[in-house]
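Student: Take this structure first; my questions come after.
Read the figures in this text as sums done on the coordinates, not as results from a lab. Keep in mind that what you see is a predicted model, and the values were worked out from it rather than measured. Please note: Cβ atoms are built from the backbone with ideal geometry, for glycine as well, and neighbour counts cover all protein chains shown.
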Amino acid sequence: MLAAATVRRRRPSRRGGPTPYVLMAPAVVLLVLFLLVPIGYTVYLSLRANRVTGGGLGIRRETFVGLENYASVLTDSAYVDGVLRMLLYGVIVVPSMLGLALLFALLLDTPRVRFGAFSRIGIFLPYAVPGVIASLLWGFLYLPDVSPIRDTFEWLGLPAPDFLAPGTVLFSVANIGVWGGVGFNMIVLFTALRGLPPEMYEAARIDGANEVQIALRVKVPLIMPAIVMTGIFAMISTLQVYTEPATLQPLTDTVSQTWVPLMTIYRDAFVNADIYSAAAASVVLALGTLAVSVAVLTLLQRRAFGRDR
Amino acid sequence: MTTTLTARPTVPEAVSTKRERGSRTRWVPTALLLLGAFYCLAPVLWVAIAATKGPSELFSTFSFWPSFHGGFQYNVTNLLDFRDGVFLRWALNSLLYAGVGAVLSVAVSTIAGYALAKYEFVGRELIFMTILAGVLVPQITLAVPQYLLMSELNLVNSYWSVLLPSIISPYGIYLSRIYAASVVSDDMLEAGRIDGAGEYRLAWKVGLPPMIPGMVTLLLLQFVAIWNNFLLPYIMISDDRRFPMTVGLFTMLNQGASQPALYSLVVMGVFLSVLPLVALFLFLQRYWRLDLVSGGVKG
C-alpha cells in the first residue's frame, strides 16, 4: 500500500489555476472561523482576567495577567484530580474497549461460527445510542431503586452491589464508555479483517495452525494499522469524556461538578462566569491531548508501519 | 501488504465458502459472541420493558417483566403532552441538526478532499497540517470559545449556532482526501483535460461519481456524530423549543430529581429516541464502507 502511495504521489498533479482555491474556500473559511479563531481567542482569553482596579471603589476591568490563570489552573486540586481521574478512565476504557472489539472481530472472522450476523448487529447497536441516552439508560440500571441488576442479585440472595459508590463509580462510568464504543471499533476491525486476502492465512491453515494461532500470529499483525487508528481515536475521545459523568451527576452525589476536566471547564465558564479560567483550562487540556496523541502516534507508527509515511 | 494496490472490496464469496467448509459449529466463539450481544442488547431490552411501566410501577415491580396496566399508554400520552408537545419538536430538531449538518458537512469535506488530493497548489501542505491538527484537538475544548464567537455574532440560541460548527469536520476532510486519492483516476482527469474539459466539469463528471460510496459512509458517520452531540447544543441553546433530543431528555432528567414522576416519561423518551436510529442503521448497514475508516483505502 505504501509503495503505491508514493508512486501515485510522485506523479505530477496539475496546478489547475484558481480551481483548487475555489474548491477549498468553504472548508478554509469554516476552518478559520470555527477552529483557528476560537483557538486564538481562547489563548488570548487565557492570558486575561477581571481585576478590580483603582483603589477602594474600583471597577472590575479585563486586564492582561500573563500566565496567572495557568498557574491557578495547574495548582487547582479539583482540576488536577479531574485530569488524573480522566487518565485513569482512559487507562480502563481504551484497552478494554479495543480488546473486546478485537476479540469480537476475530471471533466473527472465525469459520463455522453461528449467529454471526445477529451478534454483529447486536454488538454494533449501542453505536446508534447517543452518549446522553446511553448514560441515562445505564444510570437507571445503576440506580438502587430501579436497578434490575440489583433486583437479580437480591433474587439470588446475594448482596447487591452499589454501582454509584465512591469506589465503583469510575468503573460504572467506564462501562458506559466501553458499551457505547465497542461495536463501532469491532466493525472497523472486522472490515479490515475481511479486506485481507484469504490466501494469506490459507497457507498457515494447511500447515496445521489452529484458528487461535492464525488469529494472533497472522491476522492481528496484518490489521495493525487499523488497530492503531482505532486506538488513537479511542484515546482522543476518552480525553474529552464529559457526557457520561455529566449525565450521571443528577442521579448521584458521588460524581462531583469537577469530576473530569471538561466538567470543570463547563462550570467555570457557565456557572461561575469565569471564562478566563475556563479558557486556560481548555488550552491545557487541548495541548495535553495534542501532545499525547502525537507522542502515541509517532511511537506506534514507527513500530506498526516500520517506516514513516 | 504492498500487493494490495487499491481499495479492496470486502469479499463475501470468499467468506461464505470458508463458512461452508466443514460443518461443525465452533461453540466457544459462538457463545462468546452471544454473550457480547447480550451485554450490548440487555440495557436496550430493559428500557423497552421499563417503558411499559407507569410512575408508580417503575420503582416497585420486578425489572425484567413488562407491565400491562396501561403504563405504556400513560407514558406515551404524557410524554407527548409534556410542555405542549415539546418532545416531538426535540425529535424534529435532532433530525434537522443531524440531517442538514451532515449533508453540508459531506459537501464541504468532499470538495475540499478532492482539491487536496488532485491539485498541487501553494498552501496545500499548510492547510492539510492544520486539518490534521484539527483532527487531534478535541472539538469539545473549542465549544466555549465557539460560544463566545457566536455571542459576538448574536447567533447564540439560534439553529445556526449548532449547525455552523457542525459543518466543519477535519476528520471528514482527511478521510475525503485519502478516498479521493485512491478512487479518482488521474488518467481520466488527464484525458478529460486533453479533450478540453473545464476543471469544474471534470470535478463533477470524473471526480464525483467514484467518490459517492465514501460520501455515503461519511454522511452516516457525520449524522451520528451530530445526532449524538451533547455539549455543543447544551452550551449554545437555552430555548427548550430548539433543543435536540439529547439536551431535552437531559433537562427532563434533571427535573426528575425533584419530580420523580417524570422518570417514567424519561424512560419512554429514551426508548422512543433509540428506535429511529436503530431502524436507520439496520436499513443502511449495507451501504457502509468502513474500510475507509480502518485504513483499508490508502492514497
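Student: For A:Val296 and B:Asn254, what does the FRET efficiency come to when R0 = 41 Å and r is the distance between their Cβ atoms, rounded to the nearest 0.05? Walk me through the numbers before you get to the answer.
Tutor: Working: r = 36 Å, r/R0 = 0.89.
Efficiency, from the Cβ-Cβ distance: 0.65.
Student: Expressed as a rounded percentage, what relative contact order does the range B:86-294 have, with Cα pairs under 8 Å and six or more residues apart?
Tutor: Details: 210 pairs, mean separation 72.5, N = 209.
Taking the mean separation of contacting Cα pairs over the length of the range B:86-294, I get 35 percent.
Student: How large is Rg/Rh for the range B:86-294, to two decimals, with Cα atoms and a Kirkwood Rh? Write down the numbers at each step before the final one.
Tutor: Values: Rg = 20.1 Å, Rh = 19.1 Å.
Reported Rg/Rh (Cα atoms, Kirkwood Rh): 1.06.
Student: To the nearest whole number, what is the average tally of beta carbon atoms from other chains within 10 Å of the beta carbons of peptide B:114-127?
Tutor: Working: counts 3, 9, 4, 3, 6, 10, 6, 11, 3, 4, 3, 0, 0, 5.
Across the residues of B:114-127, the mean count of other-chain Cβ atoms within 10 Å is 5.
Student: How do A:Lys219, B:Lys205 line up, fewest other C-beta atoms within 10 Å first? Kindly include the intermediate steps, with their values, before the conclusion.
Tutor: Numbers: A:Lys219 23, B:Lys205 12.
With the fewest neighbours first, A:Lys219, B:Lys205 line up as B:Lys205, A:Lys219.
Student: I would also like to ask the following. What aspartates and glutamates could a cross-link reach from B:Lys205, if we take a straight Cα to Cα line under 19 Å and drop same-chain neighbours fewer than 8 places away?
Tutor: Straight-line reach from B:Lys205, under 19 Å: B:Asp186, B:Asp187, B:Glu190, B:Asp195.
Student: How high is the FRET efficiency from A:Phe171 to A:Arg61, r the C-beta distance, R0 60 Å, rounded to 0.05?
Tutor: The pair A:Phe171/A:Arg61 has a calculated efficiency of 0.80.
Student: Also, I was wondering about something else. Evaluate E = 1/(1 + (r/R0)^6) for A:Arg114 and A:Val212, where r is the Cβ-Cβ distance and R0 equals 22 Å; express this FRET efficiency to the nearest 0.05. Each step should come with its number before you reach the end.
Tutor: Numbers: r = 18 Å, r/R0 = 0.84.
Once the sixth-power term is evaluated, E becomes 0.75.
Student: While we're looking at this one, here's another question. Remind me, what semi-axes does the protein assembly as shown give for its equivalent ellipsoid, largest first in whole Å, using sqrt of 5 times each Cα gyration tensor eigenvalue?
Tutor: Working: eigenvalues 296, 246, 109 Å².
Working from the Cα gyration tensor, I get semi-axes of 38, 35, 23 Å.
Student: Given +1 on the Cβ of Lys and Arg, -1 on the Cβ of Asp and Glu, and no further charges, what dipole in debye does the range B:86-294 carry about its Cα centre, rounded to the nearest 20?
Tutor: Details: 11 positive and 11 negative charges, 85 e Å.
Its charge dipole is roughly 400 debye.
Student: While we're here: Between A:Leu98, A:Leu33, A:Leu67, where does the largest GNM mean-square fluctuation fall for chain A, given springs only between Cα atoms within less than 10 Å?
Tutor: Its mean-square fluctuation being the largest, the pick is A:Leu33.
Student: Under 8 Å for C-alpha pairs, at least 6 residues apart: give me the relative contact order for chain A, rounded to a whole percent.
Tutor: On the way: 294 pairs, mean separation 77.5, N = 309.
It comes to 25 percent, rounded to a whole number.
Student: If I stretch the segment between B:Ser151 and B:Ser238 completely, what's the gain in nm (0.36 nm per residue apart, minus their alpha carbon distance), one decimal? Working shown, then result.
Tutor: On the way: separation 87, 0.36 × 87 = 31.32 nm, distance 1.26 nm.
Fully extending the segment from B:Ser151 to B:Ser238 adds 30.1 nm.
Student: Moving on to the next point. Given the C-alpha centroids of the range A:106-123 and the range B:90-130, what is the distance between them in whole angstrom?
Tutor: 34 Å
Student: Quick one: length gained pulling B:Thr25 to B:Leu284 fully straight, 0.36 nm per residue minus the C-alpha distance?
Tutor: Values: separation 259, 0.36 × 259 = 93.24 nm, distance 2.92 nm.
Working it through step by step, the gained length comes to 90.3 nm.
Student: Any idea how far the Cα center of the range B:197-215 sits from the one of the range B:218-271, in Å?
Tutor: 38 Å
Student: Still on this structure, I have one more. Per DSSP H run of n ≥ 4, the term is -39500 (n - 2.57); total these for the protein assembly as shown, divide by its residue number, and report the mean residue ellipticity at 222 nm rounded to 500 deg cm²/dmol.
Tutor: On the way: 30 runs with 399 residues, N = 608.
Helix-only estimate at 222 nm: -21000 deg cm²/dmol.
Student: Under DSSP H, which helices of chain A have Cα atoms covering 27 Å or more of the helix axis and a Kyte-Doolittle average no less than -0.5? Walk me through the intermediate numbers first.
Tutor: Working: long enough: A:77-108 (46 Å, 1.89); A:169-194 (38 Å, 1.53); A:275-305 (42 Å, 1.53).
Within chain A the helices that satisfy the rule are A:77-108, A:169-194, A:275-305.
Student: State, to one decimal in nm, how far the label point of B:Glu125 lies from the label point of A:Glu202, with both points 7 Å from Cα in the Cβ direction.
Tutor: Reported label-point gap for B:Glu125 and A:Glu202 is 4.4 nm.
Student: Okay, moving on. Take every Cα pair under 8 Å in the range A:19-119 that's 6+ residues apart, average their separations, divide by the length, and report that relative contact order as a whole percent. Each step should come with its number before you reach the end.
Tutor: On the way: 40 pairs, mean separation 13.5, N = 101.
Once divided by the residue count of the range A:19-119, the mean separation gives 13 percent.
Student: Now for a separate question. For a quick check, take a GNM of chain A with Cα springs below 10 Å and name the residue from A:Val37, A:Val284, A:Val296 with the largest mean-square fluctuation.
Tutor: Maximum fluctuation in the GNM of chain A, among the listed residues, is at A:Val37.
Student: Shifting gears a bit: Along Cα→Cβ, 7 Å out, is where each label goes; now give me the distance between the ones at A:Ser77 and B:Asp187 in nm to one decimal.
Tutor: Taking the two extended label points, one gets 7.0 nm.
Student: Please order A:Met263, B:Met129 by the number of other Cβ within 10 Å, starting at the fewest. Please list the in-between numbers first.
Tutor: Details: A:Met263 21, B:Met129 10.
By the 10 Å Cβ count, ascending, the order reads B:Met129, A:Met263.
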